[in-house]
1. How many of the residues making up segment 522-562 are out of contact with any strand residue (DSSP E or B) (no Cβ under 8 Å at 6 or more places or on another chain), of a type outside the set (S, T, N, Q) and more than 14 Å from LEU503 (Cβ to Cβ)?
2. Can you list residue pairs whose Cβ atoms sit under 6 Å apart, with the first residue in segment 343-359 being closer than 12 Å to SER460 by Cα and touching a residue at least 24 places away in the same chain (Cβ under 8 Å) and the second being surrounded by 21 or more Cβ atoms within 10 Å (Cβ to Cβ) and polar (S, T, N, Q)? Count only pairs 6 or more apart in sequence or on different chains.
3. Consider segment 457-507. How many of its residues are aliphatic (A, V, I, L, M) and farther than 20 Å from ILE327 by Cα?
4. Consider LEU479 carefully, then state whether it is at pLDDT 90 or above, crowded, with 21+ Cβ neighbours inside 10 Å, assigned by TED's automatic domain parsing to the domain that holds MET336 and out of contact with any Asp or Glu (no Cβ under 7 Å at 6 or more places or on another chain).
5. Select, from LEU420, LEU434, the only residue that is in contact with a strand residue (DSSP E or B) (Cβ under 9 Å, 6 or more places away or on another chain), over 30 Å from MET542 (Cα atoms), modelled with pLDDT of 90 or more and buried (at least 19 other Cβ atoms within 10 Å of the Cβ).
6. Quick one: which of VAL50, VAL35, VAL20 is in contact with a helix residue (DSSP H, G or I) (Cβ under 6 Å, 6 or more places away or on another chain) and either over 21 Å from ASP186 (Cα atoms) or among the basic types (Lys, Arg) (or both)?
7. Checking the conditions here, which among ALA359, ALA375 is surrounded by 16 or more Cβ atoms within 10 Å (Cβ to Cβ) and assigned to a strand (DSSP E or B)?
8. SER448 versus (1) touching a residue at least 12 places away in the same chain (Cβ under 8 Å); (2) outside any loop (DSSP other than H, G, I, E, B): which is the lone unmet condition?
Amino acid sequence: MIHMIFYAPYPQIVPLIKQVFQERPDRDEIEYEIVQDFYNNPLQDLNADVVIARGFSALTMKQRGYICAELKVGGYDVIAAVLKARRRCPELSHIAVIGSFNMIYGIESIRDAFPDMKLSTYPVNSEPLLADAIRQAISDGCDALVGNYTGVELAKKSGLPAVMIESGQEAINNAIDEAKSAAEIDLREKMRSAQIANIMNYSFQGILSTDQNGIITFANKYCYSILDSGHAFLTGRSILDFFPNLPVEEVTRNGKKLLSELHIYASYHLMVNCVPVPDNSGNTGCVLTFQDTSRIQADELQVRKKLRHSSFQAKYQFSNILHKSRIMDSVISDAMTYSYSDSNILIYGETGTGKELFAQSIHNSSPRKNHPFVAINCSALPENLLESELFGYVEGAFTGASKGGKMGFFELAHKGTIFLDEIGDVSPNLQSRLLRVLQEREVVRLGSDTVIPIDVRVISATNKNLKEEVADGRFRQDLLYRLDVLELNLPPLRNREQDALFLLSQLISYEHERTGCILTGLSEEGASLITQYPWPGNIREMRNFCQRLSILTQNPLATPADILKVLPDIAASTPDKPEKADLSTSRDTPVYSLYDEREEILKALYTFHNSRTKTAEFLGMDKSTLWRKMKKYKILLP
């Protein structure tokens, strides 16, 4: 509904205005009020969407910035008034047309309609000047006057015959049309401005605009929370009151852009941007945005957390596992077979044998590959923190709990895989909770009583013999049964004789390409020496060794001296008289009872029908080494 105020320029027009309003087809969309205009009207307290006025009132309202539609006077209206004056006094020869500039401008064009009469126009800028214009017309010999309601009344007092210029139905209707259009445009503009203001007020950074002199013309709510205005409004203040070191003139006059500048205001460190913005009149102001650096840092922290959560993806596949030995072919084949199942897997392996690499490869080869892969090291966190990370918590569950609570890793891994590394280090209390989660496939966050169903596959890894841990009472047997549905044993590097030199070559080549080092490989003597080392840290130790060797070696091929400098322990693992020592026993005996070597030898002998030659080749060892191992493990052939 549009609310209009129609200022009636003379009393007789009021019924005609009402008639036009009532006859309009959009009358239900308009709420109107007719107010009688009067001489020197102050035009105050205009509570309307749009006003309609004529002559001086229309001119005044437009000058004051009101939304005003003008009831216009046309040449036909003036001709009608002149003809009316002649009917009253046929002897008239000189008529004055007096009124506001916007009312009578261009009326001279009707002079040709009255060739036997002189018409003189007297436009004035304000109503108080009407009396002077009438006196001037009388002095110029005018014997009658046509004009607005006030001019007619003043002329009568001066004894000058006068006729009022009236407005007809068409002019009234056109004025209402114009008023309605102006009100609708203004309403749309206000809605748009309100929307922009809301957007700016809900921004988490300060937004200021200034004119060409640096005077603030707009400030959003964030500005008021940071800048102390000292009174109700920031508008009207100089931007230099708050940013005294800001080169505003370089922005507004030279078009310079100031980006990511640090300014200090009170106790705030603010990151400020300031760019020039020209207005419709050609003047250039500026728009300044700023944000507290502590908020930027907090936002960056949140982004990192979300990116960390959104990056729960497995990166490696079976093709990333570098090897040459037959024994690794067998392990990878078993792992690929396990990947197609949805049963839990327990991976045994010494440190550095690639347990997580296999876990990620199994996930990426499984039907769950498009869902999260969430890995957690169970030995890296204390019990209470590990429990909250695994199962999550609600707000207020414990001192220091994050506001809003936190989702646990089991929930984050929903529909995907959770990898529990170093599972043998989990405390007995946490083992009980973990067992229930695996049995029921549901979690309850700390401090909550809400049950959350989950669908995850669990892959665990350990460098401990969990069966021995169960026997010693340090690990729950029922939990082991849940975890060890499928078992994967990763052989240590010392039992992969074919892989050692191959991996060394690959890692040295990688360091050569990555760092541009001189080293490209091992000399023959160096390679012979390095094969005697048992690599207790397996591939992780080998990777570190290659990095150190590439930095310290100043020759293309590393000699035994270079290797001994980088890896002094190799001397202790290499006997001076190999003929008096059983090297294979010292190198082939695993530090941990994880990789079941006896079982692997039995499997290979069965596969190759007790052929020691083929079995030794498959296991990557000499026939003599195989014979000694069979003797060690008391394996007798029929």
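The values are calculated or read from the model by the stated rules, or taken from the named source; none is laboratory data. What you see is a predicted model, and the numbers here were worked out from it, not measured in a lab. Backbone-built Cβ (ideal geometry, glycine too); neighbour counts: all protein chains shown.
1. Residues of segment 522-562 that are out of contact with any strand residue (DSSP E or B) (no Cβ under 8 Å at 6 or more places or on another chain), as a first pass: 524-525, 527-529, 531-548, 550-555, 559-562.
Next, from what is left, pick out any that are of a type outside the set (S, T, N, Q): 524-525, 527, 529, 533-537, 539-543, 545-546, 548, 551-552, 560-562.
Filter once more, keeping what is more than 14 Å from LEU503 (Cβ to Cβ): 524-525, 529, 534, 536, 548, 551-552, 560-562.
Residues flagged as out of contact with any strand residue (DSSP E or B) (no Cβ under 8 Å at 6 or more places or on another chain), of a type outside the set (S, T, N, Q) and more than 14 Å from LEU503 (Cβ to Cβ) within segment 522-562 amount to 11.
2. Pairs that qualify, where the first residue is closer than 12 Å to SER460 by Cα and touching a residue at least 24 places away in the same chain (Cβ under 8 Å) and the partner is surrounded by 21 or more Cβ atoms within 10 Å (Cβ to Cβ) and polar (S, T, N, Q), are LEU346/SER460.
3. Residues of segment 457-507 aliphatic (A, V, I, L, M): 458-459, 461, 466, 470-471, 479-480, 483, 485-486, 488, 490, 493, 500-501, 503-504, 507.
Those still in the list that are farther than 20 Å from ILE327 by Cα too: 458-459, 466, 470-471, 479-480, 483, 485, 507.
Here the count works out to 10.
4. Yes: the conditions hold for LEU479.
5. Exactly one residue qualifies, and that residue is LEU434.
6. Details: VAL50 fails: either over 21 Å from ASP186 (Cα atoms) or among the basic types (Lys, Arg) (or both); VAL35 fails: in contact with a helix residue (DSSP H, G or I) (Cβ under 6 Å, 6 or more places away or on another chain).
The match here is VAL20.
7. On the way: ALA359 fails: assigned to a strand (DSSP E or B).
It is ALA375.
8. Checking SER448 against (1) touching a residue at least 12 places away in the same chain (Cβ under 8 Å); (2) outside any loop (DSSP other than H, G, I, E, B), the one that fails is (2).
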